[in-house]
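J.: Shown below is the structure under consideration.
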Amino acid sequence: QVQLVESGGGLVQPGGSLRLSCAASGSRFSFYVMGWYRQAPGKQRELVATITSGDSTNYLDFVKGRFTISRDNTKNSVYLQMNSLKPEDTAVYYCNAVSTLATFWGQGTQVTVSS
């Protein structure tokens, strides 16, 4: 069992930056594919970025060049650096951990981009 706890969300003006963190409990963190998803009101949850155990990354086209996903296996943590934020980035952001046996989700953290 893995528990995921996100932090770092909040209110930011357009063009600003935020850094989301996700702390994972349990062992074998380094073996999980970690990801960030988001869900805006009235929309389906969508993949934002993923990072494998070998640090290969993948991004939603809309965030390429603005967001960076990273992980620190010594801290059982994954991060999402978000720059040049736009109002369209407003959503609840969820941390996700995937292994061959199971998928785990965090409770989400709200990101609001507004002037």
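The values are calculated or read from the model by the stated rules, or taken from the named source; none is laboratory data. Note that the coordinates shown come from a computational prediction; the quantities given were computed from them, not determined experimentally. Backbone-built Cβ (ideal geometry, glycine too); neighbour counts: all protein chains shown. We work out accessible area using only protein heavy atoms, side chains counted, and drop any ligands, DNA or RNA first. Shrake-Rupley method; radii C 1.70, N 1.55, O 1.52, S 1.80 Å.
J.: Figure the gain on full extension for GLN44 and GLU88 (residue separation times 0.36 nm, minus the Cα-Cα span) and round it to one decimal in nm.
T.: Details: separation 44, 0.36 × 44 = 15.84 nm, distance 1.39 nm.
Result for the pair: 14.5 nm of gain on full extension.
J.: Tell me which trypsin sites (Lys or Arg not before Pro) from the range 8-69 have a DSSP coil assignment and no more than 13 other beta carbons within 10 Å of their own.
T.: ARG28, LYS43, LYS64
J.: Send over a whole-number figure in Å² for the accessible area per residue of the chain, probe 1.4 Å.
T.: I get 53 Å² per residue for this part.
J.: Mind grabbing the accessible area of ASP55 for me, 1.4 Å probe, Å², rounded to tens?
T.: Probe radius 1.4 Å; accessible area of ASP55 about 90 Å².
J.: Same structure, new question: Binning at 10 Å from 0, report for the chain what percent of all alpha-carbon pair distances ends up in each bin.
T.: 15, 50, 28, 6, 0
J.: For the chain, give the magnitude of the charge dipole about the Cα centre (Cβ charges: +1 Lys/Arg, -1 Asp/Glu; no others), in debye to the nearest 20.
T.: Here the chain has a charge dipole of around 40 debye.
J.: How much net charge surrounds VAL48 when only the other residues with a Cβ under 14 Å from the Cβ of VAL48 are counted, with Lys and Arg +1 and Asp and Glu -1?
T.: Counting the neighbours of VAL48, the net charge comes to +2.
J.: Roughly how many percent of the accessible protein surface of the range 1-61 is carbon and sulfur, given a 1.4 Å probe and a whole-percent answer?
T.: Exposed carbon and sulfur together represent 46 percent of the surface.
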